[in-house]
Amino acid sequence: MPRRWLSNAIVVWAGTSMPRPPSALSALKPQSFRKWPAAILALTVAVLVGIAGHAAQAEDANISSRRGTERTSFSNDEIMDGFFKIAFGAELQLGRRVERIRKFDEPVRVFVLDQGRHKRKAEIAAIIADIRARVHHLDLAMTDDLKAANFVVMLVRERDLMRAIRSVYGYNRAKQIERSLNPQCLSGFGKDERYRIRHAEVILPADADDFIFYDCAYEELLQALGPINDDSSVPWSMFNDDVQMGFFDVYDQYLLNILYDPRIRPGMTKEEVGKLLPEVLPTVRERVASRNSARGAQSRDSSSAGLNAQCNCPPPIQVNPTIPE
């Protein structure tokens, strides 16, 4: 079923996938927005019936391991380099490449389509609460009203991922997404002519194991807020197909707090942002330190440190790409 989009918007996507060679970026011109309930509700009926049940359990051991070995101290240059690489551009953009800041400038209300037997809405709500607590100036909350939502999370069976993508974006665009991203989960957003994000959606495999689910959920939810690019040269960020975390790591907290600082506005260029970063970074460091009090001393003292560029994380877990029925 074709998806209707905001007039004159550009939609960009990011997908968590198997490590693969960099793919060319291309572009999509959408049609009109706010008609999305029909397409998404149809998708709910089509793919969410019959998902297996899931019992609550302790944090996945892979996530705990990464928390324990996470690097938390970064120089200003390391933070700025990652921000410029990830907040500009897009992993997949159908159209001309645009080097501008894209972000929500209004309250973000998240609706979860979770009508199958495999319930993950509570996990999504906890992730949303975690992101809200760690990103200052981001008004992010759940809603039970689809019409009030500007951010939709669709939970599907792993084997139905590509079918879901086809249902939302249409067959031809879904083939482009599959060929370029080979996704195991997907996020996308549409922006207006002022580079303000006006709607976003995330498609996640609800029946994946906990590590894959949380890794996908954090990365795609965060990317749908604006930092849509992936870059393999930033070894501390989850926005890198060679890095899996499963939680909101300190490095990416820096990137999101820079993006949602009110001095960083939609439509800004790299040059404009570069002039502001020296005054924005000290504030961002204080915010991240206050949200990570156990690691706050490291975060505060790192701005002038000469730091090794090697990630301390364990090697990533390799997962098989999702293949639709």
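Can you work out which of the residues in region 202-222 that are surrounded by fewer than 24 Cβ atoms within 10 Å (Cβ to Cβ) and acidic (D, E) is nearest to Y169 (Cα to Cα)?
Per the stated criteria, the residue is D207.
Criterion first (over 23 Å from F248 (Cα atoms) and not in a loop (DSSP other than H, G, I, E, B)) does Q184 satisfy it?
The answer is no for Q184.
Identify the residue in region 42-74 that is in a loop (DSSP other than H, G, I, E, B) and of a type in the set (A, V, I, L, M) and, among all such residues, is modelled with the highest pLDDT.
A58
Looking at (1) closer than 23 Å to D215 by Cα; (2) surrounded by fewer than 19 Cβ atoms within 10 Å (Cβ to Cβ), which one does H199 not meet, given that it meets all the others?
(2)
In this structure, is V234 of a type in the set (V, I, T) and touching a Ser or Thr at 6+ places or on another chain (Cβ under 9 Å)?
no
In region 223-260, which residue that is aliphatic (A, V, I, L, M) and under 20 Å from V280 (Cα atoms) is surrounded by the fewest Cβ atoms within 10 Å (Cβ to Cβ)?
Of everything passing the filter in region 223-260, V250 is surrounded by the fewest Cβ atoms within 10 Å (Cβ to Cβ).
Suppose we filter region 120-144 for residues that are surrounded by 19 or more Cβ atoms within 10 Å (Cβ to Cβ) and of a type in the set (D, E); how many remain?
1
Could you list, in sequence order, all residues of region 145-175 that are surrounded by fewer than 16 Cβ atoms within 10 Å (Cβ to Cβ) and under 20 Å from C216 (Cα atoms)?
Passing the criteria: only R159.
A294 fails exactly one of the following numbered conditions: (1) at pLDDT below 90; (2) surrounded by 24 or more Cβ atoms within 10 Å (Cβ to Cβ); (3) of a type in the set (A, V, I, L, M). What is the number of that condition?
Unmet condition: (2).
The values are calculated or read from the model by the stated rules, or taken from the named source; none is laboratory data. As the structure is a computational prediction, the values presented were derived from the model and not from experiment. We place every Cβ from the backbone using ideal geometry, glycine too, and count neighbours over all the protein chains shown.
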